[in-house]
Structures are given as structure tokens and as C-alpha cells.
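Everything on this sheet refers to the single structure shown next.
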Amino acid sequence: MSRNMKDTAFKTSLLYERSILLMTYDTASEPSAATGAPLNETLEHLLVSLPMEAASSSRSRGRPVSLSAWHLSLAVRVCLLRGLHSQAEVWRLIAFFGVGPLPRLPLSDQAVYDRLEQDGICAFQAFFGQLSAWLATRLAPYEDRRLAAFATGVVALDESVLDQVKRWVAWVREVPNGDSRLLPGRLVGLFDVRLQQWRRLDVLLDATTNCKVHARAMLSGLAQGTLILFDRGYFSFPWLDDLSQQGYWYVSRTVGKTSYQMLHIHYQADGVFDALVYLGRYRSDQAAQVARLVCFRVGSQRYSYLTNVLDPAVLSIADIARLYARRWDIELAFRELKEHLGLRLLWSAKLGVLYQQVWASLLLAQLLHAFQVELAARAEVDPFDVSLALLTRYVPRLLAQGEDPIAFLLVYGRAMGVIGPSTRKHIQAPVVPLQEVSYPPPELIQPRQAYYAHRKCKSRYATQS
């Protein structure tokens, strides 16, 4: 990487740090004052003053050199933005170059490695919560309320396994290729589809456990009335019943041979089917809550969805298809973490170091998504018409040159290819006129007795022992 690019990434990291520092140290700033200013000017404004213990470059005579948690976390994020992929680079940055306004600290490599392993991720998690709250205020005017307007919020639920660790530690060298022990864990996330922001990300040690095992824990703190999008890996009768009973909406795909008992048909014509059903035809395995089954064909492709939004006037067939297509947003968010921010190249086989890398990447991704949303809103395009990969590349350069990235890209973004038509697939779902929908009598929609087969949850990932 060239020196210019390193300087660019370094300056960008300082701006990113300022947004975090506002929520951590500068309690006097008003969030409402920040939301009207350009995002880069807001980031500049956020650092009114550094904490004395972090900003001071002097120490009393005889006092031993100390490395604060704030200093260490900043070094980790600078290295990520520079494209540096090892904990040795964190040590070199701290010991020989200095981090931002902080002085060089003559520490041994092992001292830095030990701190990386011991410090944990509590500071990163606290920063994430504070930064996310500030960005939610910042992005509120750009929230896409057209998506499921009846719902409190719209989130996508999914997980992604971390890539295999390198064989830096002795015991790892003895593990055969393909063994699941080389997988350090998995990320389980909730992604806010309206705001394009991570709502929650859990890092779990067991990379091969079935996704259903941790699914209910992800509901903690989620407001009732939220609509959750998830794929077929989460499909189970108890899970769908729990969501309905706890006051959440959902949209998902059906699983191949799932049986159901017909309750009422809303509409059936020309290959389009919309009906209320009980999932599970047999007494030994049946769901309690009524679900809505929607099926249609586009050419030779058949689409089939399940939802607990039972009224077609509230959520049409076309809206169901469009909403489920937005489940792909979380896949793209995982891609940003892994490919564009380098999370595919893990720094260490030690979990303490690895998890700090994960959370540092998440903090940076949160801000890049914010740039994407604001640029799209001001350019009057869909967020996915703004290339997140190119934003990751060019926002640091523009900030280093003293440019407002939003203003610059509003003028030149289309010519550069940063703003352009998205290649995402759009499903042309049928539109059913409401006057042709047959509604059931209210007394028909009642829960029944549930019986669950309690099937063993198998992992979706191959394991080798």
C-alpha cells in the first residue's frame, strides 16, 4: 500500500474516532445540532477536546509507559483502515509511528499482544452502542418508512461463519484441513433495513451450532411490532409461534414439504394463491398460530412465502415479495465486513485479538453505511444505487483532501460510478385488487393446540471431528 493511501486511511480513522468520542467524552454536544450539518463537518465537530489521559503526550519522570484501552482501540481501527492485517502492525503503529495525537510508546511487541488478548471487547461494544444511538438520530430523516409502514421497525436476521484462522498457534497446526475447530466462531446479526444500520451483532464461539439455537436471544430488546425477515434456515413451528405470541411480525420462505391445513382462501387465480393456514397437518407436529401462505409464479420460477400479517390490505402479495427481497441487505452488510473491511483475513488465532478486530470492523462499517444512506437520500436514489465498495475506497481520500464526500459525490458520483443503477434483482410479483379478496369471518382466526415434534437442530455447516 502506498504512503499516500496510508495517510488517507489514517486521517479518515481520526474522523471516525471523533464520532465515537462525542458519545464517550463530549456530553455537552447537542445531537440535534449535528444532524443539519454535512456528515464530515459533523465528525470534525465531534472532537471538541480529547480526554486528558488520552491526549496528553507527556508523563512524569520515572512513570512507566502505559497503554490505555482508548489508545489501543484507536490503533486497531487505524490498522483496519490502512489494510494492515496482523497484530504485529498494531504494535509497530503504537511503538514507532504513534496513533493520531498520541505519542509513540516504546513497548515490546509481546506487551501489545498481551494487551490485545486481555482487554476484551467491552469498550468496543460500549462504543458501538453509543455510536449507533447517535447515527440513529442523524439518519432519522432518511428512514425508509415505506417499508412495512404498519411495523415498528424492519430488521433482517441472519448469521455468517468467520473464516478459518491461520496456523499461528501450536495446537492449530495439528488440526487437519477442513476441521470445524479451525473456525473461530460465527456472527449473528440483526440489520435495520430501513436505516441500513447494524442493530445488534453477537459473536459466538461455536461456529457449527444450528442458527435456531440463538435466534430467540436475538429478540431481546427488540420492540414489539417489529417485522423480522429471515431465511428458511430458521424455519420451525415453535419459532414461528413464538414470534406471533410475542407480538412480532415476520416474513420468510416456505420449506419444501411442509404440510398445512387449509383455513381460508383469500384469493386463487392464474397461478396466484393467498390463503390462511395452520402449519402442520398431523397431530404429532403442528403449529398453534394461524399463518398466511402466499404462492405465485414468475415465468418458470415459483415463489412461496409465509407471514403472520394476515390481512392482504395491510401487506399485499407484491409487498411480501419486495420485503423478503430486502432480507438480502444483511448479506451485503456481512460482505462489507468481510471483503471491504478485511474481516476475511483474521489477525490472530487468539480469540481476544480476533474479537477486537470484529468489533473494530463493525464500528467502521456502521459509519460507511451512514454515508451510503445520506448520499442516496440527497441524490434521490435507492441506497443500493450507491456503491458501498466504492464509498469504502473513496471516502477516506476525499476526507484527507478536506472535501465533503457527500457534496463531492453529489456532483461527480454518477460520472465516477459511485452512484448508478443497482444490479439487484427485482421480482415482478402479481398485484391482486382488494375488491377481489375474500375475507374470513373474524371468529375463524383462532389459535389451536400446538404439538411440536422437537426435531434435533442440525447445523447448516459441515463439521469434521
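The values are calculated or read from the model by the stated rules, or taken from the named source; none is laboratory data. These figures come from a predicted structure and were not determined experimentally. Every residue, glycine among them, receives a Cβ derived from its backbone with ideal geometry; neighbour counts consider all protein chains shown. Quick note on the areas: whole protein, heavy atoms, side chains included, nothing else; ligands and nucleic acids left out. Shrake-Rupley method; radii C 1.70, N 1.55, O 1.52, S 1.80 Å.
Which whole-Hz ³J(HN,Hα) couplings does region 217-227 yield from phi under the Karplus relation 6.51 cos²θ - 1.76 cosθ + 1.60, θ = phi - 60°, glycine and proline marked x?
Each residue's phi maps through the Karplus curve to give 5, 6, 7, 4, x, 7, 5, 4, x, 6, 9 Hz.
Starting from the amide H of residue 254, placed 1.01 Å from N in the peptide plane, find each other amide H under 5 Å away whose residue is 5 or more places distant or on another chain.
Close amide H contacts, sequence-distant or interchain: 304, 305, 306.
Determine which residues of region 264-300 fall in the zone a paramagnetic label at residue 426 would reach in this model, i.e. backbone nitrogen under 18 Å from the point 7 Å along Cα→Cβ.
298-299
Between residue 260 and residues 5 or more places away or on another chain, which pairs have amide H atoms under 5 Å apart, with H built 1.01 Å from N, and which residues are they?
Excluding prolines and chain starts, which carry no amide H, the hits are 280, 281.
Once you put a point 7 Å from the Cα of residue 283 and another 7 Å from the Cα of residue 208, both along the Cβ direction, what distance in nm separates them?
It is 3.9 nm.
Which percent of the accessible heavy-atom area of region 384-441 goes to carbon and sulfur, probe 1.4 angstrom? All intermediate terms of the calculation are to be shown ahead of the outcome.
On the way: 1800 of 3320 Å².
Carbon plus sulfur share of accessible area: 54 percent.
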